Each structure stands twice: as structure tokens, then as C-alpha cells.
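See below for the structure under consideration.
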Amino acid sequence: MSRLNRPLIAALFFLVCASSWAQAPAVAVAANMKDAFTEINAAFMASGKSDLRVVYGSSGNFTAQIMNGAPFALFLSADEGFPLMLYRNGKTLDEGKIYATGKIVLLTNNSSAIKLSRDKSDLVRAIAQTNKIAIAKPELAPYGRAAVEYLKAEGLWDLVKDKLVYGDNIGVATMYVTSGAADIGFTALSLAKAPEVAKYTNYSDINEKLYGPIQQRMVLIKGAPQEAIDLYQFMQTRQAKAILVKFGYGLDH
């Protein structure tokens, strides 16, 4: 093979690979699932299954995109409401399945002197010490909606409402705390347990009775190829469930 041809062949190989990747089925995954799903997807691929394109974001944004024809094959939502909305609008094969139940926690950056606890008087003191409190946009992200429910039920809303900074999804809200842009934030327990988050933060549990259950549902979009169906089925295996539990999720069954 001549030296002249090698760059051309390399370029053609790159284009073929890029084209193959572009044609791989796309999976929409709620941001709270990023670390858990990364591990689940690695296990899925290790079983000999095909790779899929994975996109992380807010469940509300994904729902709007799918309604407008975005070519996702599988949607792992952070709640039940958005997938069921897609089902009612004829976008999915069926109602799908609940694959996990989530929890919200309070997160603080290690560099701050703020101490968190479930005690309301301690929370009031912590709120007084900070200028910014991060949450995900409640209209887009179920974990943000749960945070608002909790704050109102605990009688803290008036204290925090002018200090809130909103992320488009729970991953962005969490990043605000890990970066120090906000001293306190609400995040998913699964993200608080992630090594890259735990390195910079501490978290405190909150009263689960003060917000509605976060039941996460997944649905196959109409026309989903076999690769997406395989992943949907893999999410229901003992192996995938063990990973979800490891990251702090509860199982619905």
C-alpha cells in the first residue's frame, strides 16, 4: 500500500465509523441516571449487545423533543408523568415499565462551613448562611418538582424562593454545588453517591413523606429497533437492578 493512499483510507474509515455511530439507535436518559446508567450500559455491552447513542438531559425537554419527532428509540424518564403523556399521544409502544424509584437529598459543597441535617431548625440556619440554593427546573425535571414540594411542605419556601438558582436538569443543579457556584442544592441520591460528586460534597437525607414518590418509568418509542428493545429488557434483569440499588434507587417490584 502506498503512503499516498494511507491517509485517504484512514479518512474513509473514519467516515464509515462516524456514519455508523450516527445511525445507532438513540436513548434518552434522565440526568439523574447518568452514573448508574453508564455502569448499566457497560454491562449491557459486555453481554455482547450493540452500542447505542446515549443522550442525558431533562425529562421535560426529552418529552417535547419526542413529541416533535426526535428520533429516540427508548426513553428512561425521571418520573411517570412524561412517559405516560407520550403514551397518551400515541408516541410509544405501550405504557412501559417503572424501573426505579428515586430519592432527593440536600447537597453542600465541602468548602462551605454549612452543616446539613434533617432537623428543620438546622435547615433554617443553613439557609440563612447561603446566598444561592440550586435545584432543577421543576417544570422540566421531576427531581426539581420534588424539591419544591418538599420546601413548601416543610414550610421553608418563603425562606428560599429568592435564593434559588435553577438548572435545566438535575445534573446541572448538582454541578452548581460541586463547582461552588451554590453552597446548597437539591440532587438525586444517585448523583450524590457518584464518586465525582462525593469528592467535593456531602449530603443529607430529607423526609421522604414531604414529597411525592419519584417513580421512574421507561418506554419504547414506536418503531424502536431490536437494539433498543434488548436494552429495555436488560434494564429489567437482576444485573441492572443490582446496579440501580448500588446507586441508591429503590425498586418498584
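The values are calculated or read from the model by the stated rules, or taken from the named source; none is laboratory data. Please read these numbers as outputs of a predicted model, since none were measured by experiment. FYI the Cβ positions are ideal-geometry reconstructions off the backbone, even for glycines, and counts take in every protein chain you see. For accessibility, only protein heavy atoms count, side chains too; no ligands or nucleic acids. Shrake-Rupley method; radii C 1.70, N 1.55, O 1.52, S 1.80 Å.
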Where is the GNM fluctuation largest for the chain (alpha-carbon springs, 10 angstrom cutoff): Lys209, Lys193, Lys137? Lys209
How do the peptides 238-247, 95-104, 27-36 rank, highest first, by the average count of neighbouring beta carbon atoms within 10 Å per residue? 27-36, 95-104, 238-247
Over 26 Å between alpha carbons, listed pairs Lys103/Lys152; Lys115/Lys161; Lys161/Lys241; Lys103/Lys132; Lys163/Lys209; Lys34/Lys161: Lys161/Lys241; Lys34/Lys161
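Before I look further, what does the stretch 118-158 give for accessible area per residue, probe 1.4 Å, in whole square angstrom?
That works out to 47 Å² for each residue.
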Taking all protein chains as present, what is the carbon and sulfur share of the accessible area of the chain, in % to the nearest whole number, probe 1.4 Å? 54 percent
Separation in nanometres of the label points that stand 7 Å from Cα toward Cβ, at Arg53 and Asn110: 3.7 nm
From a point 7 Å beyond the Cα of Glu139 in the direction of its Cβ, which residues of the stretch 34-60 have a backbone N at a distance under 17 Å? 58-60
Full-stretch length increase - Val165, Lys132 - with 0.36 nm per residue and alpha-carbon distance subtracted: 11.2 nm
Measuring from label point to label point, each 7 Å out along Cα→Cβ, what is the Arg88 to Arg118 span in nm? 3.4 nm
Reachable aspartates and glutamates from Lys97, Cα under 16 Å, same-chain residues fewer than 8 places away excluded? Asp79, Glu80, Asp230, Asp252
For every helix of n ≥ 4 consecutive DSSP H residues, a contribution of -39,500 (n - 2.57) applies; sum these over the chain, divide by its total residues, and give [θ] at 222 nm rounded to the nearest 500 deg cm²/dmol. -12500 deg cm²/dmol
